[in-house]
Amino acid sequence: MKNQDVNDQLPDIDEALGFATQSIRGGSFRSDMREHSEALYLTSSFVYDSAAQAQAVFAGDEPGNVYSRYTNPSVQMFEERMATLEAGGMEDIIGCATSSGMAAILGSCMALLKNGDHVICSRNVFGTTFTIFAKYFEKFGVKTTFVDLTDYQQWQEAMTPETRLLFLETPSNPLSDVADIQRLADIAHNTYNKSALLMVDNCFCTPALQKPLLFGADLIIHSATKYIDGQGRCLGGMVVGRKELVNEVHLWQRAAGATLSAFNAWVLFKGLETLSIRMEGHCRNAAALAKWLDEHPAVDKVHYSGLSSHRSHELAKKQQSAFGGVLAFEVKGGRASAWKVIDSVAIMSRTANLGDTRTTITHPATTTHCRLSDDDKQRSGITEGLVRVAVGLEDIEDLKRDLDKGLQQLL
């Protein structure tokens, strides 16, 4: 265990083990209490046997923890397990946990960008992600160009000698468009000074369905609040990538303090134990609901890459092991019709969060993407008649009946 002096270090996890085994066993260690379930380290600081030992630990000459703002065993176990799951057998991959997914984006950019750098960002990103690139980084001299997620000519033409970072979500929120990660990695790594980085938000798929590092991405971002937890209990974020890059994020984290609490880290760490089976259930339910909606007379269009009619279907089959648990659909009548469907549900939760065992439903134009201008919404495909459903693990027939009550009112 890095930075941790423990009495009973568990054997290293073999990368050849299956994903479910890694998600249950990876990153664990036992204290001298010999607990079976990993311990929760609720402490702000750590003690030493002597002043000399304290000096050695603070200097990094001896393993150990210093202060839970930047070294805590519960957080480190979570970081190591996430790095193991995302690495897919690659070496020198580490993680840095943060207080939220947005803190993961902020920390990565603050650590790796400087005044005068240029970013290319998909406009098909979460609304707050769009805002942080469009508004706040601009204040510090970092320019951002927004492009369409799957228009690779736009990505290529936006490259400049100052481009340092390409950022995207794939699949996109909420339309499930899928970007070719390898193609974008080639653009980032083979243009001008060849030093641009590719950062992929892997929140919708998680490493259970997609491993962007294996397709050439340099950094992975997670809102661990979503599927990593899986039950809507707490906030958290994660950055995973090559050691030399993520170490820089750790240094920023140490100074800035966007820290993941030990308690939240423990909750997220335990959530990973069921990630594999949860994602199977989410994908199965979402595929069934998407097919049902696609045949419903009140629905104009369904956005789910698991449908053969979706424009990203073939790429998703190649790049992902399954199609995820989030879908969106459009109804005639704009906002009034969309709200009628949302207001009619009794089982689904009307909330903008996703990745929960409980199905959630929201109106992206007035919630997750409400801060986008009308023009940006239009360019991103966020129409007034669009409804997003993050499909949970309830009985699928119950979910169909729940949606059908509102949809029938539109006929």
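The values are calculated or read from the model by the stated rules, or taken from the named source; none is laboratory data. Not measured: the values here are computed from a predicted model. With ideal geometry, Cβ positions are generated from the backbone for all residues, glycine too; neighbour counts draw on all protein chains shown. Just the protein is used for accessible areas: all its heavy atoms, side chains included, with ligands, DNA and RNA removed. Shrake-Rupley method; radii C 1.70, N 1.55, O 1.52, S 1.80 Å.
Residue pairs whose Cβ atoms lie under 6 Å apart, sitting 6 or more positions apart in sequence or on different chains, and linking a residue in the stretch 238-263 that is under 27 Å from LEU214 (Cβ atoms) and open to solvent by 40 Å² or more (accessible area, probe 1.4 Å) to a partner that is not in a helix (DSSP H, G or I) and not acidic (Asp, Glu), are LYS243/ILE94; HIS250/CYS96. Within the stretch 292-309, does at least one residue satisfy the condition of being open to solvent by 70 Å² or more (accessible area, probe 1.4 Å), part of a loop (DSSP other than H, G, I, E, B) and closer than 30 Å to GLY27 by Cβ? So far as the stretch 292-309 goes, no, none of its residues is open to solvent by 70 Å² or more (accessible area, probe 1.4 Å), part of a loop (DSSP other than H, G, I, E, B) and closer than 30 Å to GLY27 by Cβ. In the set GLY406, GLY381, GLY355, GLY385, only one residue is in contact (Cβ under 8 Å) with a residue 12 or more places away in the chain, open to solvent by less than 10 Å² (accessible area, probe 1.4 Å), at positive phi and out of contact with any His (no Cβ under 7 Å at 6 or more places or on another chain); that residue is GLY355.
Is there any pair linking a residue in the stretch 16-44 that is open to solvent by 70 Å² or more (accessible area, probe 1.4 Å) to one that is hydrophobic (A, V, I, L, M, F, W, C) and assigned to a loop (DSSP other than H, G, I, E, B), with Cβ under 9 Å and at least six apart or on different chains, and which? Sorted first by the residue in the stretch 16-44, then by its partner, the pairs are ARG25/LEU10; ARG25/ILE13; ARG25/LEU17; ASP32/VAL6; MET33/ALA39. Applying the criterion of being over 27 Å from SER176 (Cβ atoms) and among the charged types (D, E, K, R) to the residues of the stretch 124-166, the residue that is nearest to the chain's Cα centre (by Cα) is ARG164. Scanning the stretch 130-179 for residues that are farther than 22 Å from CYS203 by Cα, outside any strand (DSSP E or B), touching a residue at least 12 places away in the same chain (Cβ under 8 Å) and of a type in the set (S, T, N, Q) yields GLN156, THR160. Report the residue count in the stretch 339-372 for those that are part of a helix (DSSP H, G or I) and farther than 15 Å from ASP404 by Cβ. Selection size over the stretch 339-372: 4. Counting only residues that are surrounded by fewer than 23 Cβ atoms within 10 Å (Cβ to Cβ) and within 30 Å of LEU272 (Cβ to Cβ), the stretch 362-378 holds 2 of them. Among the residues making up the stretch 45-70, those that are surrounded by 12 or more Cβ atoms within 10 Å (Cβ to Cβ) and assigned to a loop (DSSP other than H, G, I, E, B) are PHE46, TYR48, GLU62, PRO63, GLY64, ASN65, VAL66, SER68, ARG69, TYR70.
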